[in-house]
1. What number of residues within segment 171-191 satisfy the criterion of being surrounded by 19 or more Cβ atoms within 10 Å (Cβ to Cβ), under 12 Å from M41 (Cβ atoms) and aliphatic (A, V, I, L, M)?
2. Of the residues G198, G183, G261, only one is modelled with pLDDT of 80 or more and small (G, A, S); which?
3. With the requirement that a residue be farther than 17 Å from H226 by Cβ and in contact with a helix residue (DSSP H, G or I) (Cβ under 7 Å, 6 or more places away or on another chain), what does segment 1-25 give you?
4. Filter segment 101-129 down to the residues that are at pLDDT below 80 and within 23 Å of E264 (Cα to Cα) and list them by number.
5. Buried (at least 17 other Cβ atoms within 10 Å of the Cβ) and of a type in the set (V, I, T), is that true of T102?
6. Scan segment 30-49 and give yes if some residue there is farther than 19 Å from M181 by Cβ, touching a residue at least 60 places away in the same chain (Cβ under 8 Å) and not in a helix (DSSP H, G or I), otherwise no.
7. Under 8 Å by Cβ, and 6 or more places apart or on different chains, what pairs join a residue from segment 253-282 that is outside any helix (DSSP H, G or I) with one that is buried (at least 16 other Cβ atoms within 10 Å of the Cβ) and modelled with pLDDT of 75 or more?
8. Return the pairs, sorted by first residue and then second, in which the second residue is buried (at least 19 other Cβ atoms within 10 Å of the Cβ) and among the hydroxyl-bearing types (S, T, Y), the first residue lies in segment 202-229 and is at negative phi and at pLDDT below 85, the beta carbons are less than 6 Å apart, and the residues are 6+ apart or on different chains.
Amino acid sequence: MGKDLYYTYVKLHVIVLIFGFTAILGKLITLPALELVWYRMLIAIITFFIYLKITKENLAVSRPELLKLLGVGVIIAVHWVTFYGAIKLSNVSVALGCFATTALFTSFLEPLFYRKKIILAEVLTGLIIIIGLYLIFRFETRYLVGILVALLSAFLAGLFSVLNKKLVASHRAVKISFYEMIGGGIALSIILALSGKGTNVPFLFPTWMDLFYLILLGTVCTAFAHTVQVDVMQHLTAYTVTLTINLEPVYGIILAFFIFGETERMTAGFYIGTLIILLSVIGFPIMQHYLIKRKRRISQTD
């Protein structure tokens, strides 16, 4: 392995570790999920804008494309609100364990949006994931509401990933993210304004520690991580990147256990269920990669 390629792999794993750390920050920040995501998006918008200006990126997009980007941004905002809501309703481990089911929802949403044939291997992977989910539900009934909210978050993550697939073909990922953050920020601003209308409920301002965590979340865990991920994807195969990003729940759950201790200690059933989900999510791209290589070998010998 060349030195440059080695550093690229290291960068990829660092990015996945950062993605896993977003859940930790979600628990550390004392703000409710709605305000937390509003601040995250505001900081990300500012950071992306500065980056795009420094790189002299052309920000022009057509009106139809802009509306699509803003719409997907609303989905991302709701995804983040439900993700952090799930953490606050349960804990980091439950939210990340259920979030690993994003691949299950994506496998059904992609054929629906792109009129592709349903792949049998994806269906089988989905069925195995459902078994893992059953074990989590079976042994962690105290976190039932948190589990359901986390699954909604996973569904929304799959939805915006599928919708983003078309958008990435015509625009740079950083520019897409900038406009999506704006769309989500506008939607959350309207919700916050309406929720406080005619009441004495004040807008919540972060504490100094919350502000520090929010800056980390908006800059390092959002803008920086996303930019480096795009750079990594230019040097590694989509298979390698997808496989490694699927390790996000593993890193997050391990970090949560060491940082929060007993509050993250779960039943054996939870860990077995989560392991089944993770093995399915990680195993599917390995199997798919093997089948594609095998098909190529057979076609070359014909």
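The values are calculated or read from the model by the stated rules, or taken from the named source; none is laboratory data. Just so we're clear, the structure is a prediction, and the values are computed from it rather than from any experiment. Neighbour counts run over all protein chains shown; Cβ positions are idealised from the backbone, glycine included.
1. The total comes to 4.
2. G183
3. Listed by number, the list holds a single entry, I24.
4. Matches in segment 101-129: I129 only.
5. yes
6. Yes, segment 30-49 contains at least one residue that is farther than 19 Å from M181 by Cβ, touching a residue at least 60 places away in the same chain (Cβ under 8 Å) and not in a helix (DSSP H, G or I).
7. R265/F257; M266/S93; M266/V94
8. Hits for this filter: A223/T47; H226/S177.
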